[in-house]
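Undergrad: Quick one: the structure is below, questions incoming.
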Amino acid sequence: MNATARPTIGRVVLACCAAVLAAAACSADELTGVWDTPIVTAVADPADLSPPLSDYANVLPDDPFMHEFRQISAWRWITCGVLIGGAITCIGDDSPRIVGLYPRPPTEVQTAEFLQIANGSGFACGLLADGTLRCGGFNGYRQSEPPSGTYTRVVASSGYACALTPASNVVCWGDNEWGQSEAPPGTYTHISAGVSHACALTPASNVVCWGDNEWGQSEAPPGTYTHISAGAGFTCALTTRDAALCWGDNEWGQSEAPPGTYTHISAGVSHACALTPASNVVCWGDNEWGQSEAPPGTYIDIAAGYRHTCALTVNRKLDCWGTMHDDEDMPFNYEPAGFERLYR
């Protein structure tokens, strides 16, 4: 589908999503799956996680566009957010998998306050007000088993996650095929997780990246930066002069940031977006599904996914464009024969 014929993300899509959430208990068999590399461990039941994220999703609004958010996180076909009250909710093509509603809705809902949500591929991790982490979803690389302790920020991607400790150290867990879960020793002020590489900012405002470097995505240009965002095969950052600079894969022009000054930047799978000082959105890169065609308006947060982008308006309402529909196979290699089922 080309951009001119793309579907618009709005109340129709969200109504379908709400229906999927309500019917989550009916589709457990769809969650059999494997990863491209041998499974390290598998969980037979979401209750084996400690605890499932769904236990804390005490509010699942019928229409997230009507609610106010404190933070959002986009990845692939899904965007998750933390509502002002501290509850979590996700929208998108397979969002029930993220919040852990399979194979059945939780029988007892707990009240908890999340400060931040980070969704990866088939799983998500949330940072609670007490500094502890809760993760739920697929666990093939133990990505849904966060280390004990307290943290100040969490990020997640394809099969792994990283978090900042109060001492400003980085701790990562999960898939480590490219070394993306082996953070270099040191102290950091900001972290970001890409598909197979991760990056962080040092107290001196330098960029340190680790993991896959096939497209040069882990080789940051010399300089000082204020913000970093790792995507799929490329990385974007804001310089101390507020310019956007990207490096790595540029097949769709995602590493060619437009000139100008910006206050925030988000790298997705094949496109990136940034906020201007006037709170407008500028996107570049792949636009087959309209994910780079930001609507007019003013925003305070931006999150680029795969074929979609979501942003928070100045009133903290959710606004999304592009599509969250996956018309291809799921982003995992679904061949259950010979592998353990992740859910049953």
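Undergrad: Sticking with the crude label model, points 7 Å out along Cα→Cβ, report the distance from Thr189 to Ala167 in nm, one decimal please.
TA: With each label point 7 Å from Cα toward Cβ, the separation is 2.1 nm.
Undergrad: Any idea how far apart Thr132 and Asp242 come out in nm if each label point goes 7 Å out from Cα toward Cβ?
TA: Inter-label distance under the simple model: 4.2 nm.
Undergrad: Still on this model: Taking amide hydrogens as modeled 1.01 Å from N in the peptide plane, which residues meet the under 5 Å criterion relative to Phe234, leaving out close sequence neighbours?
TA: Under 5 Å from the amide H of Phe234 lie the amide H atoms of Asp249, each far enough along the sequence or on another chain.
Undergrad: Applying the Karplus parametrisation 6.51 cos²θ - 1.76 cosθ + 1.60 with θ = phi - 60° to the phi angles of the stretch 77-88, what ³J(HN,Hα) value in whole Hz is obtained for each residue in order, glycine and proline being reported as x?
TA: 9, 10, 10, 10, x, 9, 6, 3, x, x, 7, 10
Undergrad: Sticking with this structure for a sec: Using a 1.4 Å probe on the protein heavy atoms only, what accessible surface does Thr298 show? Give it in Å² to the nearest 10.
TA: In the full protein context, Thr298 sits at about 60 Å².
Undergrad: Give, in nm to one decimal, the length gained when the segment between Ser279 and Asn250 is fully stretched (0.36 nm per residue of separation minus the Cα-Cα distance).
TA: Full extension of this stretch gives 7.8 nm more.
Undergrad: On a C-alpha basis, how far is the centre of the stretch 308-326 from the centre of the stretch 167-197 in Å? Whole number, if you could?
TA: Cα centroid to Cα centroid, the span is 27 Å.
Undergrad: Additional query: Of the heavy-atom accessible surface of the stretch 243-284 (probe 1.4 angstrom), what whole percent is carbon and sulfur?
TA: After summing per-atom areas, the C and S share lands at 54 percent.
Undergrad: For the charge dipole of the stretch 206-259, defined by +1 on Lys and Arg C-beta atoms and -1 on Asp and Glu C-beta atoms about the Cα centroid, which residue among Gln254, Gly233, Gly223 has the Cα displaced farthest towards the positive pole?
TA: Of the candidates, Gly223 comes out farthest on the positive side.
Undergrad: Take every Cα pair under 8 Å in the stretch 245-329 that's 6+ residues apart, average their separations, divide by the length, and report that relative contact order as a whole percent.
TA: 21 percent
Undergrad: Determine the relative contact order of the stretch 209-270: mean sequence separation of Cα pairs under 8 Å and six or more apart, normalised by residue count, in whole percent.
TA: 31 percent
Undergrad: Distance in nm between label sites at Phe65 and Glu182, each 7 Å beyond Cα in the beta-carbon direction?
TA: Each label point lies 7 Å from its Cα, and together they span 4.7 nm.
Undergrad: Keeping all protein chains in the complex and leaving out DNA, RNA and ligands, what accessible area do you get for Val269 with a 1.4 Å probe, in Å² to the nearest 10?
TA: Roll a 1.4 Å probe over it and Val269 shows about 30 Å².
Undergrad: Name the long-range amide H neighbours of Thr89: under 5 Å, sequence gap of 5 or more, or other chain; modelled H, no Pro or chain starts.
TA: The list, which skips near neighbours in sequence, is Gly81, Leu83.
The values are calculated or read from the model by the stated rules, or taken from the named source; none is laboratory data. In this text, all values refer to a predicted model and were calculated from it rather than measured experimentally. Here the Cβ is made from the backbone with ideal geometry for all residues, glycine too, and neighbour counts use every protein chain on show. Ligands, DNA and RNA are excluded from the accessible area calculation, which covers all protein heavy atoms including side chains. Shrake-Rupley method; radii C 1.70, N 1.55, O 1.52, S 1.80 Å.
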